[in-house]
Each structure stands twice: as C-alpha cells, then as structure tokens.
1. Using a 1.4 Å probe over the heavy atoms of the protein chains, calculate the carbon and sulfur portion of the accessible area of the chain as a whole percent.
2. If you take the square roots of the eigenvalues of the alpha-carbon gyration tensor of segment 1-51 and sort them as a ≥ b ≥ c, do you get rounded (a/c under 1.5), prolate (a/b over b/c) or oblate?
3. Can you compute the modelled spin-label distance between Met1 and Thr29, with each label point 7 Å from Cα toward Cβ, in nm?
4. By DSSP, what percent of the beta bridges with both residues in the chain are antiparallel, rounded to the nearest 5?
5. How about Lys54: which lysines have a C-alpha closer than 23 Å to its C-alpha, ignoring those fewer than 8 places off in the same chain?
6. What FRET efficiency comes out for the pair Lys99/Leu36, r = Cβ-Cβ distance, R0 = 35 Å, nearest 0.05?
7. As a check on your grasp of the helix formula, calculate [θ] at 222 nm for the chain: sum -39500 (n - 2.57) over DSSP H runs of n ≥ 4, divide by the residue count, round to the nearest 500.
8. Springs between alpha-carbon pairs under 10 angstrom, Gaussian network model over the chain: which of Arg52, Arg98, Arg41 fluctuates most?
Amino acid sequence: MATIKLDIVSPDRGEIFSKDIDMLIVRSTAGELGILPRHARLLTELLPHAMRIKIGGGENLIALGGGFMEVTPEKITVLARSAELPDDIDIERAQRARKRAEDRIAEYKQATKESLIDIGRANAALARAKARLLVKNVPFN
C-alpha cells in the first residue's frame, strides 16, 4: 500500500512527529479533510482538534492546537501552533483547562453588558482541552 510522509513541527518543540503514514484526517477551516498518498496540492488552516493518523491498520491521535497544513502528492507538513502526543498530555491539566474555558463561555453568555471576556479565545481554549482529552480517551461530556 502506498504511504505519504507526515511531518508535524511546532515553534516551541521543533519536530514532533515524522513518519510515513497511510492517511491523515484533520479538521480545517473548510471542514474535515482526509489526506491520502498522491493527494492534490493543498494549503489550509487547521483548527484545534485531535488529528487522526492511520498507519498499518491502526490509528494514532495527536492533540493539535491549530496551525497550517501544506500537502503535496508526496508529503504532508503540519506547522502546528502546538501539538501533543498522548504521552505528553496531563489529564488533570486538560480537565482544569476545559473547566476554565467552559466557565468563561458561560460567564460571557450571562453578561448583560459589554464583557471583557474574549469569547474567541475561550472557544479555542475549550477546543484545545477537548482535543487533549480525546487523545487520552477521557470522556468530557
């Protein structure tokens, strides 16, 4: 079966992941995308989510804090704002971050006048926390 090279890098950690894979499933600003070997060229922004990497019949998850992806027929490059492998994720920290973000969103929704809460930032923090918990297979509903 054909494979495609996947490189995930971030400004703070450098190279996070580099392997030949069968398929990558990501969430972009245009929706969910599945990338296979020999995919058409593509450049897109990625949202915070749990990336799905298919290798040899198995699936790996990486918590992505957003970023950009460039695809060529031979290679996928993800320039991540942040990316965490399952072993890098602290479940308690992710649960605290999720709770903080949910509280800020609820506070924003209840505000009767102009709020100082940055709702976009709170929503992004919630998405990152949920991605981390999903990667660690921790229920968050």
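The values are calculated or read from the model by the stated rules, or taken from the named source; none is laboratory data. Keep in mind that this is a model prediction, so the values were computed, not measured. Methodologically, a virtual Cβ is constructed for each residue, glycine included, from the backbone with ideal geometry; neighbour enumeration extends over all protein chains shown. Surface accessibility is based on the protein's heavy atoms, side chains included, excluding ligands, DNA and RNA. Shrake-Rupley method; radii C 1.70, N 1.55, O 1.52, S 1.80 Å.
1. Values: 4100 of 8400 Å².
For the chain, the apolar C and S fraction of the accessible surface comes to 49 percent.
2. Numbers: a/c = 1.90, a/b = 1.08, b/c = 1.75.
Verdict is oblate for segment 1-51.
3. The answer from the label model is 3.2 nm.
4. Details: 36 of 41 bridges.
The antiparallel fraction comes to roughly 90 percent.
5. The qualifying lysines are Lys5, Lys19, Lys75, Lys130, Lys136.
6. Details: r = 38 Å, r/R0 = 1.08.
Result of the calculation: an efficiency of 0.40.
7. Details: 2 runs with 37 residues, N = 141.
Taken over the chain, the calculation gives -9000 deg cm²/dmol.
8. Greatest mean-square fluctuation among the candidates belongs to Arg41.
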